[in-house]
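Peer 1: My questions will all concern the structure given below.
The values are calculated or read from the model by the stated rules, or taken from the named source; none is laboratory data. Because the structure is predicted, anything quoted here is derived from the model rather than measured. As a convention, Cβ positions derive from the backbone with ideal geometry for all residues, glycine included, and neighbour counts pool all protein chains shown.
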Amino acid sequence: MNIESLQSLFLKHKESSLFHRYITNENIEPLLDNLSDNFGVETIEKSVLNKPIYAVKIGTGEKRILMWSQMHGNESTTTKALFDLFNTFKSEETEIEHILKTCTVYFIPILNPDGAKAYMRINANKVDLNRDAQNLTQPESEILKTVFENFKPHFCFNLHGQRTIFSVGKTNKPATVSFLAPAQDKACTITPNRKVAMEVIGVMNDVLQLVIPNQVGVYDDAFNLNCVGDTFQSNNIPTILFEAGHFANDYAREQTREYIYMSLIASLNYIAKNDVDGKKHKSYFKIPENDKCFYDIIIRNAKTNDDSGNRVEDIGIMYQEKLVEGKINFIPKIEKIEDLNAFFGHKEIDAKKTEVLDNFKQPVKVNNENVFVMINNEKISLLLK
């Protein structure tokens with residue numbers, strides 16, 4: 001399936017009612033109600049706050065694939081892409097009909113509905129579900145384990161979102177999409193099922209390099225059995241971590257959504273058409289490892305004062321995501337004032353060796369939240385446009 005076909009499918013089937021970063025059960029319930037008869041939709045359990053956790057099943061094939069999204073409630077990009085995928089399957093496009101004949105896919109669109117509603121990573125009991133795979137202290141963790149045991153998947157797709165700090169290696173390229181074939185032991189052994197996961201990741205990377213060259217990364221594979229991916233991998237099921245990251249000026253994650261959609265279609269197409277055995281896994285090792293080289297904004301060459309006199313430093317600013325009346329606001333917060341030559345800004349401003357002042361005309365300070373700054377008597381907004 002070529003790039004043009006993937007892009008065309010996305011444009012035709014993008015779910016327009018899901019937009020930006022705040023996606024909850026209330027957003028997806030009408031869409032689940034409107035799925036066609038070839039989808040199986042069910043409520044599999046309830047969350048800590050008694051919100052329904054939904055599952056969607058489609059396909060009649062023997063290859064079983066389990067996907068879950070919004071395990072972290074504020075990571076919604078992959079959920080949007082799942083509903084774009086549902087629309088594609090609902091349309092009965094001939095280009096992808098072979099997938100449903102060869103595969104059966106089981107989706108949990110929002111595993112953590114309480115976290116989604118509050119727009120937070122953790123669940124209502126303040127537990128990170130992706131660190132609860134062994135202790136299983138939370139109902140959402142038990143639900144996922146039960147689905148895993150009952151469905152008996154041949155592949156697991158663990159769908160997440162990542163912060164804007166991540167770069168591809170130490171370059172000025174953001175990690176727009178990242179992957180990982182998690183380890184299953186402390187030695188990070190390249191096991192047969194990890195090779196299978198790596199082979200599928202390599203296929204997705206080949207596709208993405210055609211649209212976002214040098215903007216795909218992988219995470220380090222340090223082993224942590226408390227993580228769901230590591231646990232499922234340790235059960236000898238090829239497991240793939242997906243991370244939806246930053247694309248230039250795409251804080252709504254609408255462009256990244258398309259790349260996740262393309263990755264999902266490409267991986268399902270490959271699994272459907274091939275008996276994936278891991279023999280073609282080596283391309284995985286050509287994908288650079290992620291680093292943390294970005295700030296949302298860097299103000300370069302700012303004059304600062306200390307006991308030794310004037311200095312020229314950089315100001316690193318990160319957006320804090322805050323839920324306000326049902327919308328996500330991005331509040332600029334000063335994280336560092338120091339030499340940031342080893343870092344990049346998604347936006348950069350040159351202060352030209354002048355002071356950077358806040359709205360009280362005082363020098364800005366670390367931990368300040370500033371919606372604008374004054375540079376050489378010019379008011380400069382730090383808010384997203």
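Peer 1: Out of all the residues in region 361-385, which are under 33 Å from the mean Cα position of the chain (by Cα) and outside any loop (DSSP other than H, G, I, E, B)?
Peer 2: Scanning region 361-385 gives GLU369, PHE372, VAL373, ILE380, SER381.
Peer 1: Return yes or no: is THR79 under 25 Å from TYR259 (Cβ atoms) and either without any contact (Cβ under 8 Å) to a residue 12 or more places away in the chain or not assigned by TED's automatic domain parsing to the domain that holds SER17 (or both)?
Peer 2: Here the answer is no, as THR79 does not meet what is asked.
Peer 1: OK, next. Restricting attention to region 205-218, does a residue exist that is assigned to a loop (DSSP other than H, G, I, E, B), within 27 Å of ARG131 (Cβ to Cβ), touching a residue at least 60 places away in the same chain (Cβ under 8 Å) and of a type in the set (A, V, I, L, M, F, W, C)?
Peer 2: No, because not a single residue in region 205-218 is assigned to a loop (DSSP other than H, G, I, E, B), within 27 Å of ARG131 (Cβ to Cβ), touching a residue at least 60 places away in the same chain (Cβ under 8 Å) and of a type in the set (A, V, I, L, M, F, W, C).
Peer 1: Still on this model: Which of the residues belonging to region 1-55 are within 26 Å of TYR119 (Cβ to Cβ), small (Gly, Ala, Ser) and part of a loop (DSSP other than H, G, I, E, B)?
Peer 2: SER16, SER17, SER47
Peer 1: Test VAL127 against the stated conditions and say whether it is assigned to a loop (DSSP other than H, G, I, E, B) and under 21 Å from CYS227 (Cβ atoms).
Peer 2: For VAL127, the condition - assigned to a loop (DSSP other than H, G, I, E, B) and under 21 Å from CYS227 (Cβ atoms) - is met.
Peer 1: Here is a further query. Take the residues in region 341-376 that are surrounded by 14 or more Cβ atoms within 10 Å (Cβ to Cβ) and of a type in the set (S, T, N, Q), then tell me which one is farthest from ILE317 (Cα to Cα).
Peer 2: THR354
Peer 1: Another question, then. Which of the following residues is outside any helix (DSSP H, G or I), in the same structural domain as ARG21 (by TED's automatic domain parsing), out of contact with any Phe, Trp or Tyr (no Cβ under 7 Å at 6 or more places or on another chain) and surrounded by fewer than 22 Cβ atoms within 10 Å (Cβ to Cβ): LYS145, LYS170, LYS195, LYS186?
Peer 2: LYS170
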